[in-house]
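> Sharing a structure with you now.
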Amino acid sequence: MKRPETLLRRLLRVSRMVNTLTADEYTRIHLSAGQPAVLLYLSENDGAAQGDLAQNLCIRPATVAINLRGMERARLIRRETDAFDLRVSRVYITERGKALLRDIRKVEKKAEERYFQGFSETEREAFLQLLGHVSDNLAETYNNK
């Protein structure tokens, strides 16, 4: 007898599929899976502290450091030491990084259209609200970690 799928298993399965499919699309524009989120965040928070990136994107600081190193080599971002606190590294999006934002947004739009095909606007809004609730629950645990 097949065991019923739990909410968690379904969420993990969907998450893996979304990550795989979007990673494939990002590869076509020469980005790794984690880079678009960094560029989008910096497009609205240019000069963010490296630690803020980790916290706001829910990524471990060591992972952010590795990701930023690659992005720096690709000239998508640049890092500078904070003028007032030498322990803080500020991250800035470069013109080359900015040039990719349009492509990133196209990938997101295309993915959303495909993933939510057949959903009414009301269903999309309800789903967004439910995901927000789950996200809030997780953030509480994540931030206390």
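> Ranking Lys109, Lys2 by Cβ neighbours within 10 Å, fewest first, what do you get?
Fewest-to-most ranking of Lys109, Lys2: Lys2, Lys109.
> Within the P(r) computed for region 1-138, what percentage of the Cα pairs occupies the region above 24 Å? Present the calculation step by step, with values, prior to reporting the outcome.
On the way: 3897 of 9453 pairs.
Value for region 1-138 (Cα pairs over 24 Å): 41 percent.
> Something else now. Taking +1 at the Cβ of each Lys and Arg and -1 at the Cβ of each Asp and Glu, which of Ile93, Val107, Met17 sits farthest along the dipole of region 1-144 towards its positive end, judged by Cα position relative to the Cα centre?
Checking the options against the dipole of region 1-144, the answer is Met17.
> Under the rule of -39500 (n - 2.57) per DSSP H run of 4 or more residues, summed and divided by the residues of the chain, what mean residue ellipticity at 222 nm is obtained, to the nearest 500 deg cm²/dmol?
That comes out to -22000 deg cm²/dmol.
> Sticking with this structure for a sec: Ile29: net charge of surrounding residues, Cβ under 13 Å, Lys/Arg +1, Asp/Glu -1, itself excluded? Walk me through the numbers on the way to the answer.
On the way: positive: Arg28, Arg96, Arg102, Arg105, Lys106, Lys110; negative: Asp24, Glu25, Asp103, Glu108.
Cβ neighbours under 13 Å give a net charge of +2.
> Round to the nearest 10 and give me the degree value, 0 to 90, for the angle of helix 35-44's Cα axis relative to the longest principal axis of the chain.
70 degrees
> Calculate the radius of gyration of the Cα atoms of region 91-132 to one decimal place, then report Dmax, the largest Cα-Cα distance, as a whole number, both in Å.
Final numbers for Rg and Dmax: 14.5, 39 Å.
> About its Cα centre, what dipole magnitude does the chain give when the only charges are +1 on Lys and Arg Cβ and -1 on Asp and Glu Cβ, stated in debye to the nearest 20?
700 debye
Rule-based calculations on the coordinates, nothing more; no lab input. These numbers were taken from a predicted model, which means no experiment stands behind them. Virtual Cβ from ideal backbone geometry, glycine too; neighbours counted across all protein chains shown.
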